Amino acid sequence: MIHFQESDLPASLVEIKEVVGLEGAIKLLDLCGGTRLFIPRNLKAQHRLANLLGLEAAQKMSAYFGGETLTIVRASRAKKKVRNRTIILRYGEGERVPELARAFKLTERQIYSILSQSFA
């Protein structure tokens, strides 16, 4: 799981974060990234959005964005930044390059490249 900080969010998700919090915005990013999501004005408890975020957060989205179709970005650049920061952190905590490569489904060469950028 990728752990975002508030500053990692793309601008298009900041407004969503203001409505449903950081956790809700990240959940939408993880589950709906790269798609458009219609937010109904009159949200029913069984609506997909309620299943994704929980009823309370979905109702907040409905109250704020009701009637709109939101484009939920994939945020590939932000995810890569967070992934690289996590790799550097875990390496600093003693995790070895082969373990990191397996954990992140990268080659050892890619891990070394990420680590070398942290010292540049």
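So which aspartates and glutamates can Lys60 reach, going by Cα to Cα under 17 Å and dropping same-chain residues fewer than 8 places off?
Glu15, Glu18, Glu23, Glu68
My understanding is that a pair violates if its Cα-Cα distance is over 23 Å; which of Lys79/Lys105; Lys27/Lys81; Lys44/Lys79 do that in this structure?
Exceeds cut-off: Lys44/Lys79.
Using θ = phi - 60° and the Karplus relation 6.51 cos²θ - 1.76 cosθ + 1.60, list the HN-Hα couplings for region 107-114 in order, rounded to whole Hz, with x at every Gly or Pro.
For region 107-114, the Karplus curve yields 7, 4, 4, 5, 5, 4, 4, 4 Hz.
Loop by DSSP (not H, G, I, E, B), at most 15 other beta-carbon atoms within 10 Å: where is the longest site-free stretch of the chain for GluC sites (Glu not before Pro)?
In the chain, the maximal stretch lacking such sites is 1-67.
Using just the helices of the chain, give the 222 nm mean residue ellipticity in deg cm²/dmol: DSSP H runs with n ≥ 4 each add -39,500 (n - 2.57), and the total is spread over all residues, rounded to 500.
It comes out at -19500 deg cm²/dmol, rounded to the nearest 500.
I need the shape label for region 6-74. Rule: rounded when a/c is under 1.5, else prolate if a/b > b/c, else oblate, with a, b, c from the alpha carbon gyration tensor.
Values: a/c = 1.63, a/b = 1.53, b/c = 1.07.
Since a/c reaches 1.5 and a/b is larger than b/c, the shape of region 6-74 is classed as prolate.
Determine ³J(HN,Hα), in whole Hz, for all residues of region 74-82 in sequence, where each value follows from phi through the Karplus function 6.51 cos²θ - 1.76 cosθ + 1.60 and θ = phi - 60°; x replaces Gly and Pro.
Each residue of region 74-82 in turn: 7, 6, 4, 5, 5, 4, 5, 4, 5 Hz.
What percent of all Cα-Cα pairs in the chain falls into each 5 Å bin, going from 0 up to the bin containing the maximum distance?
The calculated distribution, bin by bin, is 2, 11, 20, 18, 13, 11, 9, 7, 6, 3, 0.
How many nm separate the modelled label positions at Val19 and Tyr64, each set 7 Å beyond the Cα in the direction of the Cβ?
Here the modelled spin labels are 0.6 nm apart.
What is region 77-118 by shape, rounded, prolate or oblate, if you read a ≥ b ≥ c off the alpha carbon gyration tensor as root eigenvalues and call it rounded for a/c under 1.5, prolate for a/b larger than b/c, and oblate otherwise?
Rounded shape, in that the Cα axes give a/c under 1.5.
What are the ³J(HN,Hα) couplings of region 65-73, residue after residue, when phi is run through the Karplus curve with 6.51, -1.76, 1.60 and θ = phi - 60°? Round to Hz, x for glycine and proline.
So the J values, rounded to whole Hz, are 10, x, x, 9, 10, 9, 8, 8, 5.
Computed from the coordinates by the stated procedures, all read-outs in this text should not be read as laboratory data. No experiment lies behind these values; they were computed from the predicted model shown. In this analysis, Cβ positions are derived from the backbone assuming ideal geometry, glycine residues included, and neighbour counts consider all displayed protein chains.
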